[in-house]
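Colleague: Right, I'll just put the structure down here and ask away after.
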Ligand code: SF4
Ligand code: SF4
């Protein structure tokens, strides 16, 4: 899932400084799971903004709304009418959600309230770790299911840099060397021969931005498999 964290409160206050009616808009999917922008976080931020306005003697209306996904037309359409009643929408979704809402309700003003960090997993309660950089050409099959693009600080595809100490990365002693992890995983799988293969330079055309994916069966229903 996409992992994000809330922006510092002072930065958020600055973003809405010139407005009097604010809609804090949450997203019920990734940012909700990583506790950055779901219904609870919307309530918390809205309360903080109201309190800060009261303390500052400023007139400010702050309302709340959360949709299932801010990156999906089906859910964002419900925002259009509501957003028209506010000076600014403070979106607590990831960067994709913020942009999608901004496009859907343009030229209304939409501000981001969270910083989008990475695609990752929940390792333990309250701990999220990066696992994928969406390179567009997944090579996990070759590396025992450990991504060298993400897990190696240098993104090396053909073995370690030689700087690891005690199995830790030379860039950070808190981080395991990805190539130690890859070696150990391939060894356990009896696939060490994978390391003899040379992987050429990464093909960055897979990451030409902005990417688009079209599922022909949905765009042209006549191509869908008949049941
Ligand atoms: S190789 Fe790594 S960055 Fe690329 S898609 Fe697979 S997991 Fe993601
Ligand atoms: S020590 Fe390991 S993880 Fe760190 S940059 Fe070198 S090869 Fe990559």
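Colleague: List the relative contact order of the range 1-43 as a percent without decimals, with contacts defined as Cα pairs under 8 Å and 6+ residues apart.
Modeller: It rounds to 44 percent for the range 1-43.
Colleague: Given a Förster distance of 45 angstrom, what is the FRET efficiency for residue 48 paired with residue 213, based on the Cβ-Cβ distance and rounded to 0.05?
Modeller: Efficiency computed from Cβ-Cβ geometry: 0.75.
Colleague: Can you give the FRET efficiency for residue 161 and residue 17, using 1/(1 + (r/R0)^6), R0 = 41 Å, r = Cβ-Cβ distance, to the nearest 0.05?
Modeller: The formula returns an efficiency of 0.35 here.
Colleague: May I ask for the equivalent-ellipsoid semi-axes of the range 26-86, computed as the square root of five times each C-alpha gyration tensor eigenvalue and listed largest first in whole Å?
Modeller: Three semi-axes, in Å: 24, 16, 5.
Colleague: Report, in deg cm²/dmol and to the nearest 500, the calculated mean residue ellipticity at 222 nm for the chain, where each DSSP H run with n ≥ 4 adds -39500 (n - 2.57) and the sum is divided by the residue count.
Modeller: Calculated from helices alone, the mean residue ellipticity at 222 nm is -8500 deg cm²/dmol.
Colleague: Pairs of Cα atoms under 8 Å, at least six residues apart: use those to get the relative contact order of the chain, whole percent.
Modeller: Reported relative contact order: 16 percent.
Colleague: Report the gain in length on full extension from residue 153 to residue 85: 0.36 nm times residue separation, minus Cα-Cα distance, nm rounded to one decimal.
Modeller: Gain on stretching residue 153 to residue 85: 19.8 nm.
Colleague: Could I ask something else about it? Measure out, as a whole number of angstrom, how far apart the alpha-carbon centroids of the range 146-170 and the range 38-113 sit.
Modeller: After rounding, the separation between the Cα centres reads 40 Å.
Colleague: OK, next. How big is the range 5-161 by Rg and Dmax over its Cα atoms, in Å?
Modeller: 18.5, 61
Colleague: If you project the alpha carbons of the range 133-197 onto their three principal axes, what span does each projection cover, largest first, in Å?
Modeller: 27, 27, 16
Colleague: Based solely on C-alpha atoms, express the radius of gyration and the Dmax of the range 72-227 in angstrom.
Modeller: 21.3, 63
Colleague: Using the beta-carbon distance between residue 194 and residue 133 and R0 = 22 Å, what value does 1/(1 + (r/R0)^6) give for FRET efficiency, to the nearest 0.05?
Modeller: 0.60
Colleague: Determine, for each peptide in 125-131, 75-81, the mean count of other beta carbons within 10 angstrom over its residues, then list the peptides with the highest first.
Modeller: Put in order of decreasing packing, that is 75-81, 125-131.
Colleague: Right, next: Could you work out how far apart the two model spin labels at residue 142 and residue 121 are, taking each label as a point 7 Å from the Cα in the direction of the beta carbon, and quote it in nm?
Modeller: With each label point 7 Å from Cα toward Cβ, the separation is 2.1 nm.
Colleague: Under the definition of Cα pairs under 8 Å and six or more residues apart, what whole-number percent is the relative contact order of the range 8-90?
Modeller: The normalised contact order for the range 8-90 reaches 41 percent.
The numbers here are math on the coordinates, done by the rules we state, and not lab data. Nothing here was measured: the structure is a model prediction, and the numbers come from that model. Backbone-built Cβ (ideal geometry, glycine too); neighbour counts: all protein chains shown.
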